[in-house]
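Below you'll find the structure, written out as structure tokens, and then a few comments.
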Amino acid sequence: MTPEKLMELAVEAMGHSYSPYSGYKVGAALLCSDGTVYQGCNIENSAYSPTNCAERTAFFKAIYDGQRDFQAIAVCGGKDGVITGTFPPCGVCRQVMREFCGQDFLIYLHDSQGGVQQFTLADLLPQSFSL
Ligand code: THU
């Protein structure tokens, strides 16, 4: 699975977004070590704080299914589904990644040129907390 192919699945997942409040559609595609991909979208709520990000939707679907080994996640998003630049994971999603992934877990972000930027979890969550 190439980063570009995983990103295509993240772009597809944006189409499932439930985001009537912010208008930001976000998609994620999580690659498990066995090759399975879980897609996720953001799911908003009128009370705001129950909103779930695309990355966590993908992780929670995978965890429920018994997946525990993860290689990479592709993330993209934009207002009204138009990608104008990278849409980096929020701090809460980074910490959820840390719960289930090592520091070498890969995070692919869609850039404004249609390319894919690559980071590790260590890049995006240095000095992270883990028991
Ligand atoms: N959002 C995500 O889906 N992932 C992130 O990592 C950051 C934020 C969503 C939440 C909300 O529905 C919208 O983006 C605007 O904040």
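Please work out if K79 is touching a residue at least 12 places away in the same chain (Cβ under 8 Å), within 14 Å of the ligand (Cβ to nearest atom) and surrounded by fewer than 19 Cβ atoms within 10 Å (Cβ to Cβ). Let's see the steps before the verdict.
Values: touching a residue at least 12 places away in the same chain (Cβ under 8 Å): yes; within 14 Å of the ligand (Cβ to nearest atom): yes; surrounded by fewer than 19 Cβ atoms within 10 Å (Cβ to Cβ): yes.
Yes; evaluated as a whole, the condition is true for this residue.
Examine region 62-73 for a residue that is more than 17 Å from S33 (Cβ to Cβ) and either touching a helix residue (DSSP H, G or I) at 6+ places or on another chain (Cβ under 8 Å) or among the small types (G, A, S) (or both), and state whether such a residue exists.
The answer is no, given that none of the residues of region 62-73 is more than 17 Å from S33 (Cβ to Cβ) and either touching a helix residue (DSSP H, G or I) at 6+ places or on another chain (Cβ under 8 Å) or among the small types (G, A, S) (or both).
Can you tell me which residue among L9, L30 is within 14 Å of the ligand (Cβ to nearest atom), among the aliphatic types (A, V, I, L, M) and in contact (Cβ under 8 Å) with a residue 12 or more places away in the chain? Reasoning before the result, please.
Working: L9 fails: within 14 Å of the ligand (Cβ to nearest atom).
None of the other options fit; the residue is L30.
When only residues in region 78-122 that are in contact with a strand residue (DSSP E or B) (Cβ under 8 Å, 6 or more places away or on another chain) and assigned to a helix (DSSP H, G or I) count, which is farthest from V26 (Cα to Cα)?
F100
For the condition at negative phi and over 14 Å from the mean Cα position of the chain (by Cα), what is the one hit in Y21, Y38?
On the way: Y38 fails: over 14 Å from the mean Cα position of the chain (by Cα).
Of the residues listed, the single one that is at negative phi and over 14 Å from the mean Cα position of the chain (by Cα) is Y21.
Kindly indicate the residue of region 71-85 that is under 12 Å from the mean Cα position of the chain (by Cα) and not small (G, A, S) and also farthest from F129 (Cα to Cα) among those meeting that condition. If you could, list the steps in order and put the result at the bottom.
Initial filter on region 71-85 (under 12 Å from the mean Cα position of the chain (by Cα)): 72-77.
Going one step further and asking which of them are not small (G, A, S), we end up with 73, 75-76.
Values: I73: 20, V75: 23, C76: 25 Å.
Of everything passing the filter in region 71-85, C76 is farthest from F129 (Cα to Cα).
For region 86-99, enumerate the residues that are of a type outside the set (A, V, I, L, M), in contact with an Asp or Glu (Cβ under 9 Å, 6 or more places away or on another chain) and open to solvent by 20 Å² or more (accessible area, probe 1.4 Å).
Taking region 86-99 as the starting set, the residues that turn out to be of a type outside the set (A, V, I, L, M) are 86-91, 93-95, 98-99.
Subsequent filtering for residues that are in contact with an Asp or Glu (Cβ under 9 Å, 6 or more places away or on another chain) retains 86, 89-90, 93-94.
Passing the criteria: T86, C90, R94.
What about L109, is it open to solvent by less than 50 Å² (accessible area, probe 1.4 Å) and either hydrophobic (A, V, I, L, M, F, W, C) or over 19 Å from E12 (Cα atoms) (or both)? Walk me through it before giving the result.
Details: open to solvent by less than 50 Å² (accessible area, probe 1.4 Å): yes; either hydrophobic (A, V, I, L, M, F, W, C) or over 19 Å from E12 (Cα atoms) (or both): yes.
Yes; evaluated as a whole, the condition is true for this residue.
With the condition kept exactly as written, say whether any residue in region 44-59 is surrounded by 13 or more Cβ atoms within 10 Å (Cβ to Cβ), within 22 Å of L131 (Cβ to Cβ) and more than 9 Å from the ligand (Cβ to nearest atom). Even if it seems obvious, please write down each step before you answer.
Of region 44-59, the ones surrounded by 13 or more Cβ atoms within 10 Å (Cβ to Cβ) are 44, 51-59.
Add one more test, that the residue is within 22 Å of L131 (Cβ to Cβ), and what stays is 55-56, 59.
Okay, now just the ones that are also more than 9 Å from the ligand (Cβ to nearest atom), so 59.
Yes: region 44-59 contains one or more residues that are surrounded by 13 or more Cβ atoms within 10 Å (Cβ to Cβ), within 22 Å of L131 (Cβ to Cβ) and more than 9 Å from the ligand (Cβ to nearest atom).
The values are calculated or read from the model by the stated rules, or taken from the named source; none is laboratory data. Worth saying up front: this structure is predicted, and the values here are computed from it rather than measured. As a convention, Cβ positions derive from the backbone with ideal geometry for all residues, glycine included, and neighbour counts pool all protein chains shown. Just the protein is used for accessible areas: all its heavy atoms, side chains included, with ligands, DNA and RNA removed. Shrake-Rupley method; radii C 1.70, N 1.55, O 1.52, S 1.80 Å.
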